[in-house]
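Remarks on the structure that follows.
The values are calculated or read from the model by the stated rules, or taken from the named source; none is laboratory data. What you are looking at is a predicted structure, and each value in this text was computed from that prediction instead of being measured. No Cβ is skipped: glycine too gets one built from the backbone with ideal geometry, and neighbour counts run over all protein chains shown. We work out accessible area using only protein heavy atoms, side chains counted, and drop any ligands, DNA or RNA first. Shrake-Rupley method; radii C 1.70, N 1.55, O 1.52, S 1.80 Å.
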Amino acid sequence: MNDPPVCFFIPPYITDHIARNASRQGRDPAAARDGAKADLALRQQRKSAAYASLQALTAPTPGKADVVIYDDQNQWNLNVQLVRGPGDPPVKGANANAAYDALEATREFYREVLERDSIDNAGATIVGNVNFGVQYDNAFWDGAEMVFGNGDDVIFKDFTHDVDVPGHELTHGVTQYTAGLNYTDQSGALNEATSDIMGACVDQYVNKLDAGTFNWLIGEDVMADDLYGEAIRSLAHPGTAYDNPILGKDPQPDSMAGYVPNGDPHLNSGIINRVFYLIATDIGSFPAAKLWYATLQNLWPAAVFTDAAYVCSEMARVLARDEVIARQAPQTVRAAFHEVGIV
Ligand SMILES: [Zn+2]
């Protein structure tokens, strides 16, 4: 098996835009540069020695889906100091507690709504890192654990600030252990969309919302004050999440008419995100999440959009027959994939 991909929350096209414009906006270009360097090293899997050694100070119990949080003390290394383990009371760092709570909530969403036991469905320990790097404007899943930067407080706040970030990143692990979707082109977009979809559902689970009351935005709570009101992605209306000089303009297509051949997974994921939004608004977010999870379990690494449309329609019939989701779900699914031009 190939190394699992490192999946970043903030896509390279935004990071590049930020780096290009840092000096013009009077910000310290060094922080942006260090972050970009770290991203590149991670993409190339050139991890440092400390990064490679994953031993915990207090071992969590295998198979218990325990959550553990490390404080990386602003080093560009992982697992620097274990600060909160399973069942530990809140600690001093607000972001360590936010990460702990969000990952607990994500684990609970998977268990209660999708009947899945942690990332691997075998109770894998859920590992989060906070205070990674210096003013690091990103978060990622590295194939084994989740990492949250502090943000520079000019563009992004601490990435634990929005529950859909941990929900998104943990879901990359779930995808890795189920469909194993490749992180390129359409399979990559399916992989990315699955993380946004479940991240959005975790957000609704935590905040007791449903399709009609949720804003369908990803990352709106990690935007720094000057960018208040912007978000990273919109599942309802891809391409409208942001438009400002710092981030540029949201380039996500919302249908195949705007499909970018071989585009970054974060671009074409908009098309699938919108499919999910259309389904969720008709049959409810959690039934739609069950349907998408069933679809994910029946996809394969090189699956493309038409494969997802076919499998999702089949799963809709099975789950509707079993009265897990609404009876009209098969028609809803077909209409949704049709609306974005996939079938
Ligand atoms: Zn992602």
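The table below gives the values:
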{"quantity": "Any chance H161 is within 10 Å of the ligand (Cβ to nearest atom), in contact (Cβ under 8 Å) with a residue 12 or more places away in the chain and not hydroxyl-bearing (S, T, Y)", "calculated": "no"}
{"quantity": "Filter pass, V154 being more than 14 Å from the ligand (Cβ to nearest atom) and not charged (D, E, K, R)", "calculated": "yes"}
{"quantity": "Qualifying residue in region 120-141 (condition: crowded, with 20+ Cβ neighbours inside 10 Å and touching a Cys at 6+ places or on another chain (Cβ under 8 Å))", "calculated": "yes"}
{"quantity": "Criterion violated by V304 - all others in (1) open to solvent by 30 Å² or more (accessible area, probe 1.4 Å); (2) touching a Pro at 6+ places or on another chain (Cβ under 7 Å) satisfied", "calculated": "(2)"}
{"quantity": "Any hit, region 235-249, residues being closer than 17 Å to T15 by Cβ, within 16 Å of the ligand (Cβ to nearest atom), in contact (Cβ under 8 Å) with a residue 60 or more places away in the chain and not acidic (D, E)", "calculated": "no"}
{"quantity": "Residue among Q186, Q176 that is polar (S, T, N, Q), farther than 18 Å from Y100 by Cα and away from the ligand (no atom under 14 Å from the Cβ)", "calculated": "Q186"}
{"quantity": "Of the criteria (1) open to solvent by 30 Å² or more (accessible area, probe 1.4 Å); (2) closer than 24 Å to G341 by Cβ; (3) in a helix (DSSP H, G or I), which one L291 fails", "calculated": "(1)"}
{"quantity": "Residues within region 105-156 that are of a type in the set (S, T, N, Q) and under 14 Å from the mean Cα position of the chain (by Cα), tallied", "calculated": "2"}
{"quantity": "Count of residues meeting criterion [assigned to a helix (DSSP H, G or I) and within 16 Å of the ligand (Cβ to nearest atom)] in region 250-282", "calculated": "10"}
{"quantity": "Subset of region 307-324 (residues that are open to solvent by less than 10 Å² (accessible area, probe 1.4 Å) and more than 29 Å from N262 (Cβ to Cβ))", "calculated": "A316"}
{"quantity": "Residue count for region 99-108, restricted to those that are of a type outside the set (D, E) and surrounded by fewer than 24 Cβ atoms within 10 Å (Cβ to Cβ)", "calculated": "2"}
{"quantity": "Residue count, region 180-210 (criterion: surrounded by fewer than 24 Cβ atoms within 10 Å (Cβ to Cβ) and not in a helix (DSSP H, G or I))", "calculated": "8"}
{"quantity": "Residue match in region 220-229 (condition: open to solvent by less than 10 Å² (accessible area, probe 1.4 Å) and within 15 Å of the ligand (Cβ to nearest atom))", "calculated": "yes"}
